[in-house]
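The values are calculated or read from the model by the stated rules, or taken from the named source; none is laboratory data. Here the structure is a predicted model, which means the values were calculated and not measured. Every residue, glycine as well, gets a Cβ built from its backbone with ideal geometry; the counts of neighbours run over all protein chains shown. Protein only, heavy atoms only, side chains kept; ligands, DNA and RNA dropped before computing areas. Shrake-Rupley method; radii C 1.70, N 1.55, O 1.52, S 1.80 Å.
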Amino acid sequence: MTTCEQISTSTIASPAEMGTSSGGGGPRPVSASKAMPVWAEALLDLRLTATQYRVFCYLVWRQGSNGESWPSKDRIAKDLGMSSSTAHRAVEV
């Protein structure tokens, strides 16, 4: 039996935490007056793969009232129909 490794949405760097890059591949700048929700920032961040974005959205969906999400990587893989190794790679960003 695989041991459950706990995953928190706080361990996934948001696009704002990743910083910006010069050129067209980084997140779009967000003005203070038009703050976007974190899911929208992630959607527009061209550095995230589609799989990473799916896992991010899944963790946001699974979070409790305290803002934490603790599904195992095997649970993520099963619920999203992907291999455990794919889920692991998506979380280890």
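According to the square roots a ≥ b ≥ c of the eigenvalues of the Cα gyration tensor, what is the shape class of the range 43-93, taking rounded for a/c under 1.5, prolate for a/b larger than b/c otherwise, and oblate for the remainder?
oblate
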Ordering THR86, THR49 from largest to smallest accessible area (1.4 angstrom probe), what's the sequence?
THR49, THR86
Can you list which of the trypsin sites (Lys or Arg not before Pro) found in the range 30-84 are DSSP loop residues with at most 15 other C-beta atoms within 10 Å?
ARG47
